[in-house]
Structure formats: C-alpha cells, structure tokens
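First up is the structure itself, then whatever we jot down about it.
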Amino acid sequence: MKSKEIRSSFLKYFEERDHRVVPSSSLVPIDDPTLLFTNAGMNQFKDVFTGKRKPSYKRATSSQKCMRVSGKHNDLEEVGPSPFHHTFFEMLGNFSFGDYFKEDAIYFAWEYMTQVLKLPKERLYITVFNDDDEAYSLWERVDDFLKKGARIRRFGKKDNYWSMGDTGPNGPCSEIHYDRGEGYSGELNGFGNRYLELWNLVFMQYNRDENGELTPLPKPSIDTGAGLERLSLVLQGKNSNYDTDLFSPLIKRIEELSAREYFPDERGTSHRVIADHLRALAFCFSDGAYPSNEGRGYVLRRILRRASYHSRLLGVYEPFIYKLVPNLVDMMADIYPELQEKKIHTSELIKSEEESFNRTLDRGLEIFSDIVRRLKVRGEKVIPGKEAFKLYDTYGFPLDLTKIMAEKERLDVDTDGYQAELSKQQKRSREGIKGVIKGDVSTLVSEFRGYYTDSLETEILDIALDGDVLKIILSETPFYAESGGQIGDSGVIVGLDKDYQIKIIDTRKQGEAIIHISEPQEHIKTIPRVGDRVKAVIDNERRNAIKRNHTATHLLHRALRDILGEHSTQGGSYVGPDRLRFDFSHYKALTDDEISKIEEQVNRTILSDYEVYVAEDVPIEKAREEGAMALFGEKYGEVVRVIKILKPDNSIYSIELCGGTHTGRTGEIGSFVIVSESAIAAGLRRIEALTGLGALNYFKARDNLIRSLSEILKATPEEISDRVKALLDNNRELDRELKEFGKLKAVGRALELIKDSIEINGYRIVSSNIDASDRREMLDLADALRDKLGSGIGVLGSVIGGKASLCVVITDDLIKSKDLKAGEIVKRIAPLINGSGGGKAHLAQAGGKSINKLPEAIRKAPDIIRDFLIKKG
C-alpha cells in the first residue's frame with residue numbers, strides 16, 4: 001500500500017465507526033506554551049482530556065503533523081544515521097473522550113491491522129503494562145491466536161505507562177509490535193531493529209494529584225498513535241523508512257541535484273538528513289514558524305544549517321535544498337494544502353537561510369580547522385567549550401554541527417564548558433532586563449476597565465519603590481498594560497483622601513496584576529499607601545493616537561493579504577502613539593507599486609468609515625470558524641475578544657482575535673502612510689507607518705523639504721527630479737574623467753617603475769614601495785604595471801588608511817604557461833608584515849607595527865619570487 005492509501009484507509013475505518021475526522025492542527029501550538037512544536041496527535045485534544053473544553057463529538061480520528069526535536073524527544077543526531085528516526089513525522093490516531101474504553105480500542109486496533117491492512121498475525125506481538133490484567137485478558141479474547149506462543153508480553157512503567165505530566169491524566173498503555181524476521185536482531189521493547197512498534201494505545205484511566213496519589217477518572221478516555229512512516233515501511237516491504245514512497249522521490253531528486261548516488265548505508269547519511277530536514281522545514285514554515293536565534297526559531301535554524309552542512313558533504317556549495325520544495329509539494333499538498341499556499345514563501349525562506357549560512361560557513365570552517373590544528377599540535381583530544389561557543393556565537397554553528405565535524409576529526413567537544421559559556425551569555429542578557437515590580441504579586445488580580453472609560457476611582461492593592469520609581473497595583477484600572485504589541489498607557493494617579501498626584505509613564509502586566517510605573521520620584525511629599533482610595537486617569541489624547549494606529553494594523557493586515565497573498569500573516573507588531581510597526585511573512589522586498597496599492601487600500605477603507613465592532617467573550621472555536629486571525633505566538637483562552645471591521649451591509653471586512661484598544665469607526669484613523677519597508681529576517685518583512693496627525697506632520701515635513709530643494713536648485717517642484725538627475729549625470733561624467741586621468745597617471749608611474757626592474761630567470765621583476773592615497777589608486781597602478789611589464793611579476797607596497805598594504809600582479813603569459821597565481825606569492829610575502837592572504841587574493845593588509853616592516857618585505861620580495869619560480873620549475 002502507498003502511504004496515501006494507508007492514511008486514507010485509517011481515517012475511513014474510524015469515520016465509519018462514528019469518529020469525527022479532525023484536521024491536523026498546526027505544528028506551532030499557539031494555545032500551548034509548554035510545547036515548541038506539536039509532538040503528538042493528542043496535543044490538540046489536551047484541553048478535552050483535562051475537561052477544560054467539551055467538543056460536540058466524543059470520538060475523533062486524525063493524521064497529525066508532528067515534530068520531535070526538543071526536550072526528551074531530541075533525537076536530531078540520530079536522524080540520518082538511523083533508518084527510523086525523523087524530525088517530522090505523521091501520527092495516525094483515534095481518540096475517545098469518555099466514550100469507549102479498552103475493549104473497543106483493542107478490538108479496533110486488531111481489526112484494522114489484520115483485516116484492513118492484512119498484516120500476518122504471526123508477525124504481531126502485543127505488550128501491556130505489568131499490572132494491567134484487564135488489557136491482557138481483552139487481547140486474549142479479541143483473537144484466540146494471541147493465546148499461543150507468548151504473543152502478549154508484560155512490561156514495566158518505562159515501556160508501558162503514559163502520563164501527561166507530573167500531575168493530571170495518566171494510565172497504562174498497550175503496544176502492537178511487528179516482527180521483521182530472523183534476518184534482523186533485537187528484542188521486544190529493547191535494542192535492535194527486529195521488532196518495530198507500530199501502534200500505541202494509551203488507556204487514560206487515572207488522575208495524579210500534587211501528592212502523587214492516583215484516583216480513577218470518572219470518564220476514562222483513549223489516546224492512540226501509529227506512525228505512518230513505520231506502517232509504510234512494513235506494508236511496502238522496505239528495510240528503511242527512507243526507502244518508502246514518503247522519502248524516495250526526495251532522495252531521487254537529491255541524487256539528481258548533487259550528482260551523488262544514494263546508498264542505503266552510511267554513505268547515504270547526507271541524502272537522508274537533507275530529505276528529512278526538508279520535510280520538517282517546509283511543514284513548519286507553512287505553519288507560520290521562522291528561523292531565529294531563540295526558542296522554536298533556533299531549533300529550525302539548527303535543522304536548516306545541519307542540512308546545509310550535509311549538502312557540502314555531497315559536494316554542493318550553492319543553495320539547493322530550497323529546490324526540493326516543489327517536489328514535496330507535489331507529493332503531499334493534496335493532503336496538506338498549506339504546502340501549496342506557502343510554496344514560494346517556504347522556498348525563498350530556505351534559500352535565504354542557505355545563502356546566509358554559506359557566507360559564514362567558509363570562515364567558520366577555517367576557524368574550526370585552526371582549532372583542530374592547535375589541538376593536534378598539543379596532543380589534545382577535546383575541543384574546549386569556549387571555542388565551541390565561539391563557533392556558535394560568531395559563526396552560527398549549532399553545537400551538534402560542531403560535534404559532527406569534531407567526530408570526523410576523531411575529537412570530542414566539551415559540552416559542559418559550552419553550556420557554561422551559553423549560561424554566561426544568557427545571564428548577561430537577563431541582567432539587561434528589569435523586572436516590573438519587587439516581591440510576589442502572583443496572588444493579586446487587577447481588573448482592566450479601560451475599554452469604555454478613561455478614568456475611575458479605585459484602590460491601591462500593592463506598592464513598591466524600585467530605586468526612585470514607584471510601581472503601583474490597583475484593584476481596578478483604566479490603564480491598558482502592554483500586550484499584543486500595544487504599548488502601555490500613561491496618565492496620572494491622584495490621591496482622593498491624601499494630597500498626591502503620581503505621573504504614570506508606563507503600564508505592564510505580571511500574572512493577573514497590572515503594574516503602573518511612575519516617573520522618577522525625587523521628592524515625595526505624601527507617600528501613597530496600600531488601601532488608599534485614588535482616581536486613575538489615562539492620557540486620553542495619547543490613548544486615542546494608539547487606537548488609531550492599532551485599528552490601522554488590522555486594515556494593513558487585510559491589505560497585505562489581499563495584495564501580496566494569503567501567506568502574508570502577522571509575525572509581530574508595535575503599536576504606540578507616534579507610529580505603528582507591523583511584521584509580516586513575505587519572501588522579498590515590496591515594490592513601489594505594491595506599497596502604493598497597500599496604502600491606497602488602507603486609505604480607501606478609512607474613507608469608507610466602516611464600523612469597528614467588538615465582540616466580548618466569544619468561544620475560541622466559534623471565532624476560528626468565523627475566520628478570525630490569531631496573532632502568531634500569542635496564547636488565547638477558551639473565550640476571546642474579537643475585533644470585526646464591518647461593511648455597511650454587515651459583511652466582515654476584517655476579523656481578528658485582539659485584546660487591544662480600537663477606534664469606533666475606521667474614519668477616526670484620518671489617514672495612513674507607509675514610511676519604511678525592510679527585511680528583519682529571512683522571509684519576514686517590516687512596515688512602519690503613521691496615521692492621523694503623525695501622517696499629516698509627515699506630509700508637512702515632506703512638503704517643506706520639497707520647498708527647500710526648489711529654492712536650492714532654482715526649480716519648481718515638478719522640475720526637481722530632472723534637475724537632480726542632470727546634476728548626478730554631470731558628477732558621474734566628472735568622476736569618469738577623473739578616473740581616466742588617474743589611469744593615465746598610473747601608466748606613467750608604471751613605466752618609471754619598470755626602468756628599475758630586475759631580471760630573474762628571463763622575467764622582469766618590479767618590487768617597489770609607492771605612495772597611494774587609497775586602494776583604488778594602488779590597484780590602478782598595479783593594473784598599469786601588469787599591462788606594460790611585458791612578461792613578469794610586480795610587487796607593490798604602500799601605507800593606506802594606516803595599514804600596510806601589499807599587492808602582487810602577474811602578466812597573463814605567466815599565468816597561462818606557468819600556472820602562477822598572485823595569491824601564492826602574497827601568501828609568501830604577507831607573513832613578513834604580519835598580514836594574511838591566499839587563494840585568489842592578490843591584495844593583503846595588516847595594521848599596527850606592520851607598517852615599519854613593509855620596506856623590508858618589499859626589499860626581500862625578489863628573492864622570495866626567485867625561490868618560488870625555481871620550485872615551480
């Protein structure tokens with residue numbers, strides 16, 4: 001059976017048995033901050049199993065996209081060498097939420113395996129938890145065959161017990177294993193590759209409390225998982241997951257692009273790494289993740305760089321992993337349409353990362369080689385942690401990549417030392433971040449009342465003096481605390497029974513407490529106390545400016561998706577009173593025409609004066625069904641606040657989950673202008689824009705600039721462009737004439753130098769210190785010397801910009817007949833001035849005391865060249 005047929009038959013089997021077919025959730029678990037990636041089919045049902053959410057169905061089935069590359073599931077180094085390990089995989093599963101339990105789960109699994117997939121019974125073995133007599137008995141009852149020959153085996157908690165965490169639902173599990181035959185070695189639930197676990201049935205029947213005590217769940221549930229990759233291996237009769245139809249088309253394409261044949265042993269490790277990592281990257285990027293230097297993004301960058309390094313091992317030095325994306329899309333987009341939707345975005349993102357890493361890889365490899373050379377000279381076998389960290393921090397080498405390269409050199413890496421250096425850096429970063437309040441505020445709750453009022457009377461719950469800044473927590477507040485990209489409010493807190501007025505310059509949130517941060521307090525006449533009655537008043541003019549910018553981000557988001565495509569989703573934002581900043585996914589710079597269209601659409605929507613409707617306490621599932629956009633990386637509760645922008649016919653123009661403050665109608669924004677568009681990461685762009693008075697002041701400043709230029713250029717505004725163009729053309733012509741004069745001057749100087757040349761082995765050798773004002777002048781003279789020398793070698797030295805500079809030129813006849821390279825001569829002379837050079841470089845520089853060594857190096861150059869020519873024959 002092909003993998004598509006297996007996936008389809010699984011879902012169909014359970015759908016026919018009253019299970020709701022639920023689409024795979026995103027690999028980026030927006031509602032679960034405990035996970036970097038979705039790593040199991042049950043993740044999207046966690047709130048259902050814990051009772052926090054009640055779906056309209058009691059049975060479900062899915063084919064879930066999964067990633068296991070962090071935490072206890074971090075097997076990244078095994079991917080490639082192992083025929084079974086992957087970063088990305090698909091988990092087939094069926095689930096019961098308090099409906100059926102062990103008996104039906106066991107029956108369904110056995111029937112599907114033996115009657116639908118038609119796996120031979122004699123190849124199947126069952127494992128159960130030691131104390132689970134019920135499961136053991138049910139397996140015996142499901143088929144008499146299982147009573148024979150110790151087909152059912154008991155194991156301990158390590159192998160056959162599952163827990164959601166230290167507390168919460170848990171229970172025994174039962175697994176179905178496949179015996180590959182005597183041609184393989186290994187033990188059931190042990191090491192080796194003879195027995196493959198195909199399906200795990202988890203029987204959630206207990207709850208563990210904080211004291212570790214188990215109590216039966218009132219409604220036991222079922223959570224199962226079967227890996228599609230392993231099922232495909234068994235049903236397609238392959239020795240490795242990479243030989244199945246889930247990988248073989250990708251590996252074939254890698255063979256074509258690299259011109260390197262694939263072998264199913266260690267020689268094929270790089271092919272397998274690239275095929276696996278391409279799947280992981282494409283699916284993650286399609287679900288909105290990005291490579292970065294922290295968290296989820298860092299894991300993806302490690303994966304991409306590991307794949308890129310393995311492309312080098314295949315002899316490919318240019319970006320090529322991105323070229324595999326269309327092949328993956330052809331294979332899987334009919335099941336996962338997001339691959340097709342984000343195809344271009346994914347390709348460009350991978351290509352950009354490959355290009356970026358290639359730029360640092362060569363230099364990093366040089367540093368690594370130097371480290372290895374020094375270690376071997378000293379007879380040492382371990383790369384120090386400080387050196388490994390430098391490779392990561394400076395050249396972007398993840399630790400596991402350094403370990404791969406070290407292994408090839410038969411060296412180890414001091415991982416403890418690396419972690420110590422990493423911890424030092426993290427500590428330095430943390431020290432640069434100030435906390436919002438001293439003490440424990442975890443028990444305090446502030447109620448935000450600022451959506452519909454700008455002032456209210458309230459009470460101080462807690463107060464602290466942090467340096468000379470007061471930090472105040474109120475029981476109720478109209479001050480919006482910074483979140484979702486919108487900055488915190490400012491304003492004043494006024495004592496009602498005492499004479500004080502505290503100016504608030506920022507508002508933050510810690511837990512459920514809202515922290516009001518004051519300006520520095522030099523002389524506090526009356527000290528506020530816990531329990532004081534106060535009046536909290538926000539700066540309403542500032543808040544209104546923030547509202548305009550926040551609502552404008554929603555209009556901008558809609559315009560980006562309309563004009564650039566559905567892949568342009570929000571990746572972050574800043575909403576302040578002075579400006580707005582909006583980060584979004586896109587693979588290349590916006591054209592002037594695209595920016596103009598975006599501005600026009602936003603301004604047309606502002607002029608249309610659409611209603612901005614706020615819906616409070618909407619169930620998150622309902623909001624998503626309506627098409628509400630969620631902010632990437634934000635965690636949402638079961639009920640959410642929804643911002644809808646409605647057309648006059650009440651149809652939805654824009655709908656987003658948002659807790660920020662907004663205008664009542666789009667017309668209140670006034671106007672909108674984009675002031676910049678730039679790249680902030682691979683595949684991530686940033687727009688900065690102004691609204692309202694900010695936009696008006698921007699236009700006034702531009703108008704004043706045009707008026708000033710008109711006066712300077714003695715031209716009307718319409719003539720400025722042509723006048724500037726004429727001036728630039730004139731300057732370019734003057735610059736060209738100056739360069740031509742410089743070249744003519746260089747020819748004259750070259751002829752003078754040739755008069756003092758010496759002859760070595762029939763070749764003219766010029767070696768001279770010269771005065772050159774800049775690098776260009778030195779190179780012009782070098783070019784002229786090569787042209788006029790006839791047949792020979794020229795060596796020039798000069799002090800440029802405070803550095804000793806050395807330049808070598810060789811005439812074309814010697815390059816062709818003797819295969820001479822300027823870089824080889826530079827490499828021999830440069831050490832005399834403590835410089836460096838090599839490869840194709842014909843120019844070297846060195847600073848400091850090297851300036852004093854330059855004349856001696858030029859004097860010795862002819863002798864060095866003579867020795868070099870003798871060795872060359």
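Across segment 151-167, which residue is surrounded by the most Cβ atoms within 10 Å (Cβ to Cβ) among those that are at pLDDT below 90, within 20 Å of Lys102 (Cβ to Cβ) and not aromatic (Phe, Trp, Tyr)? Before the answer, list the steps.
Taking segment 151-167 first, the residues at pLDDT below 90 are 162-167.
Imposing the further condition that a residue be within 20 Å of Lys102 (Cβ to Cβ) reduces the set to 162-164.
Remaining after also requiring not aromatic (Phe, Trp, Tyr): 163-164.
Numbers: Ser163: 15, Met164: 18.
That would be Met164.
Within segment 109-128, take every residue that is among the aromatic types (Phe, Trp, Tyr) and either over 40 Å from the mean Cα position of the chain (by Cα) or crowded, with 22+ Cβ neighbours inside 10 Å (or both) and give me the one that is nearest to Asp179 (Cα to Cα). Spell out how you get there, then give the answer.
Of segment 109-128, the ones among the aromatic types (Phe, Trp, Tyr) are 110, 112, 125.
Keeping just the survivors that are either over 40 Å from the mean Cα position of the chain (by Cα) or crowded, with 22+ Cβ neighbours inside 10 Å (or both) gives 110, 125.
On the way: Trp110: 15, Tyr125: 7 Å.
Only one residue fits best here, namely Tyr125.
Check whether at least one residue in segment 324-335 is at negative phi, surrounded by 19 or more Cβ atoms within 10 Å (Cβ to Cβ) and modelled with pLDDT under 90, and report yes or no.
No, that holds for no residue.
Which residue out of Gly297, Gly225, Gly268 is open to solvent by less than 10 Å² (accessible area, probe 1.4 Å), under 30 Å from the mean Cα position of the chain (by Cα) and closer than 28 Å to Arg123 by Cβ? Reasoning before the result, please.
Working: Gly297 fails: closer than 28 Å to Arg123 by Cβ; Gly225 fails: open to solvent by less than 10 Å² (accessible area, probe 1.4 Å).
Answer to the check: Gly268.
For segment 123-161: of the residues being touching a residue at least 40 places away in the same chain (Cβ under 8 Å) and charged (D, E, K, R), which is nearest to Ala226 (Cα to Cα)?
Quick first cut of segment 123-161, residues touching a residue at least 40 places away in the same chain (Cβ under 8 Å) only: 123-129, 131-132, 135.
When the remaining residues are screened for being charged (D, E, K, R), the result is 123, 131-132.
Values: Arg123: 17, Asp131: 24, Asp132: 21 Å.
Here the answer is Arg123.
Of the numbered conditions (1) open to solvent by less than 10 Å² (accessible area, probe 1.4 Å); (2) modelled with pLDDT of 95 or more, Val28 satisfies every one except a single condition; which is it?
(2) is the only condition that Val28 fails.
For segment 243-320, give me every one of the helices (runs of 4 or more DSSP H) that falls completely inside it and has 2 or more residues that are at pLDDT 95 or above and out of contact with any Gly (no Cβ under 8 Å at 6 or more places or on another chain).
Working: elements: 248-258, 269-286, 295-313.
Helices (runs of 4 or more DSSP H) meeting the threshold: 248-258, 269-286.
Across segment 188-220, what is the total count of residues that are touching a strand residue (DSSP E or B) at 6+ places or on another chain (Cβ under 8 Å) and either within 21 Å of Val48 (Cβ to Cβ) or in a strand (DSSP E or B) (or both)? Steps first, please.
Keep residues of segment 188-220 that are touching a strand residue (DSSP E or B) at 6+ places or on another chain (Cβ under 8 Å), which gives 188-189, 192-209, 214-217, 220.
Pick out the ones that are also either within 21 Å of Val48 (Cβ to Cβ) or in a strand (DSSP E or B) (or both) and you get 192, 195-209, 214-217, 220.
Count: 21.
Could you grab me the full set of residues in segment 82-108 that are among the β-branched types (Val, Ile, Thr) and either closer than 19 Å to Asn43 by Cα or under 40 Å from the mean Cα position of the chain (by Cα) (or both)?
To start, the set of residues in segment 82-108 that are among the β-branched types (Val, Ile, Thr) comprises 87, 106.
Within segment 82-108, just Thr87 meets the criteria.
Taking only pairs six or more apart or across chains, which ones have beta-carbon atoms under 9 Å, a first residue in segment 530-557 that is without any contact (Cβ under 8 Å) to a residue 60 or more places away in the chain and on the phi > 0 side of the Ramachandran plot, and a second residue that is crowded, with 20+ Cβ neighbours inside 10 Å and assigned to a helix (DSSP H, G or I)?
none
Checking Phe285 against (1) crowded, with 24+ Cβ neighbours inside 10 Å; (2) touching a Phe, Trp or Tyr at 6+ places or on another chain (Cβ under 9 Å); (3) in contact (Cβ under 8 Å) with a residue 60 or more places away in the chain, which single condition isn't satisfied?
Of (1) crowded, with 24+ Cβ neighbours inside 10 Å; (2) touching a Phe, Trp or Tyr at 6+ places or on another chain (Cβ under 9 Å); (3) in contact (Cβ under 8 Å) with a residue 60 or more places away in the chain, only one is false for Phe285: (2).
Is it the case that some residue within segment 140-150 is over 30 Å from Glu338 (Cα atoms), aromatic (Phe, Trp, Tyr) and open to solvent by less than 30 Å² (accessible area, probe 1.4 Å)? Lay out the reasoning, then the answer.
The first filter runs over segment 140-150 and keeps only residues over 30 Å from Glu338 (Cα atoms), leaving 140-150.
Subset that is aromatic (Phe, Trp, Tyr): 145.
Adding the requirement that they be open to solvent by less than 30 Å² (accessible area, probe 1.4 Å) leaves none.
Looking for residues that are over 30 Å from Glu338 (Cα atoms), aromatic (Phe, Trp, Tyr) and open to solvent by less than 30 Å² (accessible area, probe 1.4 Å), one finds none in segment 140-150, hence no.
Mind checking which residues of segment 38-56 are in contact with a His (Cβ under 9 Å, 6 or more places away or on another chain) and open to solvent by 40 Å² or more (accessible area, probe 1.4 Å)?
Residues of segment 38-56 that are in contact with a His (Cβ under 9 Å, 6 or more places away or on another chain), as a first pass: 39.
Within segment 38-56, no residue meets the criteria.
Taking the residues in segment 676-728 that are within 43 Å of the chain's Cα centre (by Cα), without any contact (Cβ under 8 Å) to a residue 40 or more places away in the chain and more than 30 Å from Thr666 (Cβ to Cβ) as candidates, determine which candidate is surrounded by the most Cβ atoms within 10 Å (Cβ to Cβ).
The residue in question is Val724.
Give just the number: which of (1) touching a strand residue (DSSP E or B) at 6+ places or on another chain (Cβ under 7 Å); (2) closer than 30 Å to Ala150 by Cα; (3) open to solvent by 10 Å² or more (accessible area, probe 1.4 Å); (4) touching a residue at least 24 places away in the same chain (Cβ under 8 Å) does Ser185 not satisfy?
The failed condition is (4).
The values are calculated or read from the model by the stated rules, or taken from the named source; none is laboratory data. None of these values were measured; they are calculated from a predicted model. A quick note on method: Cβ atoms are made from the backbone with ideal geometry, for glycine too, and the neighbour counts reach across all protein chains shown. The protein model used for the area step is the full one, side chains on, heavy atoms only, and it has no ligands, DNA or RNA in it. Shrake-Rupley method; radii C 1.70, N 1.55, O 1.52, S 1.80 Å.
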